[in-house]
1. Filter the range 6-43 down to residues that are of a type outside the set (Phe, Trp, Tyr) and closer than 16 Å to Ile63 by Cβ, then give me how many there are.
2. Out of everything in the range 84-134 that is among the charged types (D, E, K, R) and touching a Gly at 6+ places or on another chain (Cβ under 8 Å), what residue ends up being farthest from Tyr55 (Cα to Cα)?
3. Please determine whether any residue of the range 40-58 is within 22 Å of Val136 (Cα to Cα) and either touching a Leu at 6+ places or on another chain (Cβ under 6 Å) or not hydroxyl-bearing (Ser, Thr, Tyr) (or both).
4. So, in the range 106-138, exactly how many residues are of a type in the set (Ser, Thr, Tyr) and buried (at least 20 other Cβ atoms within 10 Å of the Cβ)?
5. Considering every residue within the range 76-87, establish whether at least one is in contact with a Phe, Trp or Tyr (Cβ under 9 Å, 6 or more places away or on another chain) and of a type in the set (Ser, Thr, Tyr).
6. Looking at Leu21, is it in a loop (DSSP other than H, G, I, E, B), hydrophobic (A, V, I, L, M, F, W, C) and closer than 22 Å to Asp130 by Cβ?
7. So, in the range 8-28, of the ones that are crowded, with 17+ Cβ neighbours inside 10 Å and in contact with a strand residue (DSSP E or B) (Cβ under 9 Å, 6 or more places away or on another chain), which residue ends up nearest to Phe69 (Cα to Cα)?
8. Out of (1) surrounded by 14 or more Cβ atoms within 10 Å (Cβ to Cβ); (2) touching a Lys or Arg at 6+ places or on another chain (Cβ under 9 Å); (3) farther than 27 Å from Lys9 by Cα; (4) not aromatic (Phe, Trp, Tyr), what's the single condition that is false for Pro91?
Amino acid sequence: MIELLTNFKELKEDAKKHGSLSFREAIVKYYKQLGEKQGFTVVENSSVIKNAVNYGKVDLVWIEPNTVFCIEFGLLDDIYKHLFKLMQLRPSMAVLILSGNSKCSPEKVGEIVDKTPELSDLKGKTIVLDITGERVIK
């Protein structure tokens with residue numbers, strides 16, 4: 001599965017084709033189309049609701065393999081919102097797409113997932129991608 005998610009060259013080429021979209025929107029579109037090519041049911045911008053509480057939205061979900069995608073290019077503090085939503089969803093796989101050029105350091109996020117007891121359900125199920133550095137962190 002990781003090979004499917006990490007074709008950074010194809011992702012960047014696809015993003016260039018969709019010049020009218022922001023880089024973030026192009027990433028969502030790329031992974032949406034990738035999931036659809038695999039035959040997965042794909043949902044964009046889905047709300048996370050549990051016990052009648054709306055925790056916000058996740059960027060993309062591949063339903064059948066229960067894979068959730070969260071994209072963040074902001075501050076490290078902003079990643080906690082995504083991690084909290086993932087704690088509620090308990091996906092089979094969580095894909096965090098980050099930028100090594102942002103203040104949301106992919107390495108730090110990997111450490112947070114590994115060292116935070118409350119995130120133990122996500123250990124071994126989380127992939128952290130540095131989209132600008134074209135590398136898999138975790």
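1. Within the range 6-43, the subset of a type outside the set (Phe, Trp, Tyr) is 6-7, 9-22, 24-29, 32-39, 41-43.
Narrowing the set further to residues that are closer than 16 Å to Ile63 by Cβ leaves 28, 32-39, 41-43.
The number of residues fulfilling the criteria is 12.
2. Residues of the range 84-134 among the charged types (D, E, K, R): 85, 90, 103, 107-108, 111, 114-115, 118, 121, 123, 125, 130, 134.
When the remaining residues are screened for being touching a Gly at 6+ places or on another chain (Cβ under 8 Å), the result is 85, 103, 130.
Values: Lys85: 6, Lys103: 23, Asp130: 25 Å.
Per the stated criteria, the residue is Asp130.
3. yes
4. Going through the range 106-138 one residue at a time, the tally reaches 1.
5. Looking through the range 76-87, none of the residues is in contact with a Phe, Trp or Tyr (Cβ under 9 Å, 6 or more places away or on another chain) and of a type in the set (Ser, Thr, Tyr).
6. yes
7. Among those residues, the one meeting the criterion is Val28.
8. (3)
The values are calculated or read from the model by the stated rules, or taken from the named source; none is laboratory data. Everything numeric here is computed off the predicted structure, so don't read it as measured data. In this analysis, Cβ positions are derived from the backbone assuming ideal geometry, glycine residues included, and neighbour counts consider all displayed protein chains.
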